[in-house]
Each structure stands twice: as structure tokens, then as C-alpha cells.
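What follows is a set of notes on a single structure, which appears directly below.
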Amino acid sequence: MNPFAGPMSIALDEARAAAARGEVPVGAVITDPGGQVVARAGNRTRELNDPSAHAEMLAIRAACAAAGTERLPGHALWVTLEPCPMCAAAIGFARIERLYYGASDPKSGGVAQGPRIFSHPQAHHRPQVYDGIAEIEATALLRTFFQELRPKR
């Protein structure tokens, strides 16, 4: 069995649910050091009128609340899209140990693209990063969502 199947599959479900709500289809899951899911979320920026309500931010908030702490050492974050700079900074502040993501984001990414938050000398924490997890499915969700937004020619 693929060890990535469970958490990333749940993140993809969260992304699909976000798309159904009219949100950009991004989903995130946080697992504890034992691999159990402790938080899951999809984008809710439009629903909550909150530009910070990215899937990663919501999942981090929920996991921290459940743990009763602002730090999540030993935890892993699974997200369908490369985190933006804001989310990458929050991942570092939360001291998340491992980051797994699907699709890369050349336009707004903050991990392997753009500012590369974890490579910056001021980064206090650098998680282990694994990219390309369920990349085909994650990319297809995003591509379909944005194609449906554009007017047909």
C-alpha cells in the first residue's frame, strides 16, 4: 500500500469539497507523529471573507487548538498545492516536521517557487519537503476549476 494514499486522498477530498463551495480547490490534512489525522480543511477564503483562510492555515489552527499548543513538532502537513509564502511561514512557525504537497504553484508558491521561504536565512524552522505527491490529481482539480471559471470561446 502507498503510505501517501491516506492523508493525500483526504486532502484531495477536501479540495473537491472546496471547489463545490466555489473556493479554489486546495485541501490540507495534518497528521500527528503516529500518522493519525488530527485536522483537515479546504480553502474557505470566500465563504469566510478572510484572505488568510487557506486550507493550510485552517488545518494548522485546528491542529494547534486540538493539541492545546502553538507548535506541532513531529506532525506532517499534506496539501494538494504548494503552499504560498503566508502558509509556508505559518508551517515554519508551527514547527511542522514534514510537508508533502501535490501540484507546484509557479505563480504563487512560496516553497520551491518565488521567495522559497524555507531557504531564506531568516527561516527559524525548515521542514522536510516532499513534492509531487498525487500531483496529477491535484493539478487536474485546479485546471478543471479554473477552466470552468473562464468564459467559453
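Put simply, the amide H of Q113, placed in the peptide plane, has no neighbours under 5 Å, leaving out anything fewer than 5 places away on its chain. 3J(HN,Hα) along the range 118-124: 6, 8, 5, x, 7, 5, 7 Hz, from the Karplus curve 6.51 cos²θ - 1.76 cosθ + 1.60 with θ = phi - 60°, whole Hz, x for Gly and Pro. Each Lys and Arg Cβ is given +1 and each Asp and Glu Cβ -1; about its Cα centre, the chain then shows a dipole of about 340 debye.
Projecting the Cα atoms of L99, L142, T80 onto the charge dipole of the range 22-153, computed from C-beta unit charges around the Cα centre, puts L142 farthest toward the positive end. Applied to the range 61-66, the Karplus parametrisation 6.51 cos²θ - 1.76 cosθ + 1.60 on θ = phi - 60° returns per-residue 3J(HN,Hα) values of 4, 5, 5, 5, 4, 5 Hz, with x for Gly and Pro.
Of the peptides 124-131, 112-119, 95-102, 138-145, the order by per-residue mean of other Cβ atoms within 10 Å, starting with the highest, comes out as 95-102, 138-145, 112-119, 124-131.
Close amide H pairs (under 5 Å, H built 1.01 Å from N) link Y100 with L77, W78, V79, Y130, residues at least 5 positions away or on another chain. If you sort the three axes of the alpha carbon gyration tensor as a ≥ b ≥ c, you get a/c of 1.5 or more for the range 29-119 and a/b no higher than b/c, which makes it oblate. Evaluated on the range 95-153, the Kirkwood hydrodynamic radius is 13.2 Å, with distances taken between all distinct Cα atoms.
Charge dipole of the range 107-153 (Cα centre as origin; +1 on each Lys and Arg Cβ, -1 on each Asp and Glu Cβ, all else neutral): 300 debye, rounded to the nearest 20.
Which peptide among 13-21, 85-93, 64-72 comes first, and what is the full order, when sorted by highest mean count of other Cβ atoms within 10 Å? Walk me through the numbers before you get to the answer.
On the way: 13-21: 18.9, 85-93: 20.8, 64-72: 14.1.
With the highest mean Cβ count within 10 Å placed first, the list reads 85-93, 13-21, 64-72.
At 222 nm, what helix-only mean residue ellipticity would the chain give, in deg cm²/dmol to the nearest 500, using -39500 (n - 2.57) for each DSSP H run of four or more?
Theoretical 222 nm ellipticity from helices: -11500 deg cm²/dmol.
A short reminder: the numbers here are calculations on the coordinates, not readings from a lab. Predicted, not measured: the structure shown is a model, and the values here were computed from it. Cβ sites come from the backbone with ideal geometry, for glycine too, and all protein chains shown count toward neighbours.
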